[in-house]
Amino acid sequence: MRRTALLALCLAFLAGGTVRAVAQRDARPTSPSLTPRPGLSREPAPAPHAPPPPRGELECRNCHEAKHQGVARMYLGLGGRGTPMIPSHMFQVRVQCVACHTAPKEEDAAAAIVGRTFRPTEQACIGCHGEKYQGMLGRWVETLAKMRSVIEPKLAAAHAALAEADAPAEADAKDAKRARARELVDNADFNLRFVALAKGVHNVFYAADLLKLSNGWLDEALPLLGKPSPRIDDRLVRGGYCAVLCHEQAGVKLPATVTLGKQKIPHARHVAEFGAVCTACHSAEVHKTVTATAATCTACHHSPANKRCEACHRAQSAFYRGETKTDLVRLRPNVMVKAVTCTGCHDMGKKHSRQAVADKCVGCHDAAYASFLAEWTAGADKEAAKATAALARAEAAIVRARRDGRRARETEALVQQAREALALVRKARSVHNPEGASVLFEAARQKAETALAQAGRR
């Protein structure tokens, strides 16, 4: 029902009718989000019905074609390529053109003869939304211009690559890749021109989405043409535009953390440190809608292109480098720390397993090293079992001592230290630093056995 009503409004708008007239003519209830806001509609009173003028020599349409159709389509969220209909928020609450275009262009004397055109003014934004929207219109214009400036070098490179062939049509017919590239470039070119000529500020998020699609199409087209994509920071175009266009200006605070499923996510760090863009996790079409899933996270974090493993796997990285904070023992870094990074052992292009890690060893060493990983893990498992068993005996002894009314804080502190040593290795994984793991396991075992002896003497 809502989509049908919205489409009816769009058709009426393009046909030259008024939004209010459509609402009066349609007796069916509409969604609350489409309810008009008081004071936003400034349309004149409807003129009395009159017969259409004859198409004679004074008919304007003899010389003039319909104007503002591109602008109207932009406002309605129609006309671009590759994206669904995304109406402007202002259109959805039935704000008409004259609500924003309030500054007269012509002087009164001239207007009496040639008519009057009204320019947009930021005061219309402030009048409805308050002072926090001061500068918002200028920001939209500037940001869309920056986005186009990122895409234009890619578009120029793609056109140049297509122009290298003497017979483009024949080349396309023989080469499916080239045909696909030409289609992508044509669509990107159309969207870029549509946003520029239809004034993207009339529907800024629709315009940004069109530019995002164009950027992606060109990144796909250039390799098909055997050309590299120009190296340029395109995070703004790829989906980082939400905050720049509105959130920063309107004072929307970025939450430090959010929850996705049962996982707590460092939201602010994803944006500020990891370079994540808004539309990687949120819909570009529906405001605030979360599109991210567990698979989305995995595809990014465990992709072969991700070289920032330490950003999330801090415990493992610190253990590998011998930087784990503990007063129990003195840790030394893994002997490979200066030569091998995380991706030197972990191939994210394959299913993760111990065998996959062992295969990476053979890439640098001889075949005998393929068994080293199994030996390390087996040895660590035995040491962990000994320390865990000793800890269990010490804990049982403390429980018995408490039942007998005997309690020694020194003994309990030793057990707690043994627990901490085991927890460190379990979290950081022994294979990241076999020597460090062995030292911690031994410390845990010794402290547990000391605690057991103390508990038995009391």
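Please treat every number below as a calculation from the coordinates, not as lab data. Given the structure is predicted, the values throughout are model-derived calculations rather than measurements. Don't worry about glycine lacking a Cβ; one is built from the backbone with ideal geometry, like all the others, and counts go over all protein chains shown.
Annotation: extensible slack from residue 68 through residue 335 equals 89.2 nm (criterion: 0.36 nm per residue apart, minus Cα-Cα distance).
Spin-label model, residue 396/residue 145: points 7 Å from Cα along the beta carbon direction are separated by 7.8 nm. In order along region 224-231, phi translates into HN-Hα couplings of 5, 8, x, 10, x, 6, x, 7 Hz, rounded to whole numbers, per the Karplus curve 6.51 cos²θ - 1.76 cosθ + 1.60 with θ = phi - 60° and x for Gly and Pro.
Listed cross-link partners 264/386; 351/427; 154/199; 288/427; 382/447 are compared with a 25 Å cut-off, the Cα-Cα value being larger for 264/386; 288/427.
Summarising the label geometry, the points placed 7 Å from Cα in the beta-carbon direction at residue 269 and residue 233 lie 2.2 nm from one another.
Proximity of backbone amide H atoms, modeled 1.01 Å from N, is registered between residue 258 and 265, 267 at under 5 Å, excluding neighbours fewer than 5 places apart on the same chain. Near residue 282, the amide H atoms lying under 5 Å from its own belong to 291; only residues 5 or more places off or on other chains count, and H is placed 1.01 Å from N.
Round to the nearest 0.05 the FRET efficiency obtained for residue 103 and residue 303 when R0 = 41 Å and r is the Cβ-Cβ distance. Kindly include the intermediate steps, with their values, before the conclusion.
Details: r = 50 Å, r/R0 = 1.21.
E(calc), rounded to 0.05, equals 0.25.
Full extension of the chain between residue 259 and residue 152 yields a length gain of 34.8 nm, computed as 0.36 nm times the residue separation minus the alpha carbon distance. The residues neighbouring residue 141, those whose beta-carbon lies less than 12 Å from its own, together hold a net charge of +2 under the Lys/Arg +1, Asp/Glu -1 convention. Distance between the modelled labels on residue 177 and residue 122, one decimal in nanometres: 4.9 nm (7 Å Cα→Cβ projection).
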